[in-house]
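J.: Just dropping this structure here.
We did not get these values from a lab; they are worked out from the coordinates using the rules stated. Fair warning: this is a prediction, and the values are worked out from it, not measured in the lab. Note that we place each Cβ from the backbone using ideal geometry, even for glycine, and neighbour counts take in every protein chain shown.
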């Protein structure tokens, strides 16, 4: 199984402004993802005053909120967080694919790191394992991916 390397580099992100958009649906999971993302950002010296937290109803609403936040040009990176757990209908596939496509489009349209931190699991147990359990903490990993991508893009611009 491939995992994100949590060996945290010294990211060049001084003064970074980060937006974190979290879905409310499956709140037991998404609240944990949000807490982990905020912890990781603060651990890397992103000031609380430079973090914008926005809540939306569910994963499907993440791309629109990310687009509006990116358009304001007040953040350098955006982390989207949500949890979609497979059910007995095709709803899972529609929500996951369209959410991922929308989040990617915002990043490309605005030339901005927009990270897809949405869990797409078969069960709630699998989701819980990814919020500080055996599978790591995907909220922290999404925040670190935002910082690393921001750092890489800054290097590419020099």
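J.: Taking the Cα atoms only, what angle lies between the long axis of helix 27-43 and the longest principal axis of the chain, rounded to 10 degrees?
T.: Tilt of helix 27-43: around 20 degrees.
J.: Picking from 71, 23, 59, which is most flexible by a Gaussian network model of the chain using Cα springs under 10 Å?
T.: Looking only at 71, 23, 59, the largest GNM fluctuation is found for 71.
J.: Translational diffusion coefficient, Stokes-Einstein: compute it for the chain using the Kirkwood radius over C-alpha pairs as Rh, at 4 °C and 1.567 mPa s, and state it as an integer in µm² s⁻¹. Show your work: numbers first, answer last.
T.: Numbers: Rh = 15.5 Å.
Approximately 84 µm²/s, per Stokes-Einstein.
J.: Another question about this same structure. Could you work out how far helix 62-71 tilts from the main Cα principal axis of the chain, as a 0 to 90 degree angle to the nearest 10?
T.: That works out to roughly 20 degrees.
J.: What order do you get for 150, 128 when you list them from fewest to most C-beta neighbours inside 10 Å?
T.: Starting with the residue having the fewest Cβ neighbours, the order is 128, 150.
J.: At 222 nm, what value in deg cm²/dmol follows for the chain if DSSP H runs of at least 4 each add -39500 (n - 2.57) and the sum is divided by all its residues, to the nearest 500?
T.: Mean residue ellipticity, 222 nm, calculated: -15000 deg cm²/dmol.
J.: Right, another one. By how many degrees, between 0 and 90 and to the nearest 10, does the Cα long axis of helix 91-110 differ from the longest principal axis of the chain?
T.: Helix 91-110 sits at roughly 10 degrees to that axis.
J.: Please report Rg over Rh for region 48-141, where both radii come from the alpha carbon positions and Rh follows the Kirkwood definition.
T.: Expressed as Rg/Rh, it is 0.99.
J.: Relative contact order of region 81-141, please, whole-number percent, based on alpha carbon pairs below 8 angstrom and at least 6 residues apart.
T.: Details: 61 pairs, mean separation 23.0, N = 61.
Taking the mean separation of contacting Cα pairs over the length of region 81-141, I get 38 percent.
J.: In addition: Which value, to two decimals, describes the C-alpha radius of gyration of region 73-120 once divided by 2.2 N^0.38 Å?
T.: So region 73-120 has a normalised radius of gyration of 1.28.
J.: Continuing with the same structure: What order, most packed first, do the peptides 14-21, 40-47 have when packing is the mean number of other Cβ atoms within 10 Å of each residue?
T.: Numbers: 14-21: 20.1, 40-47: 17.9.
Peptide ranking by packing, descending: 14-21, 40-47.
J.: Between residue 47 and residue 27, what FRET efficiency follows from the Cβ-Cβ distance if R0 is 25 Å, with the result rounded to 0.05?
T.: In this case the efficiency is close to 0.40.
J.: Can I ask one more? Which of 58, 82, 117 moves most in a GNM of the chain, Cα contacts under 10 Å?
T.: It is 58.
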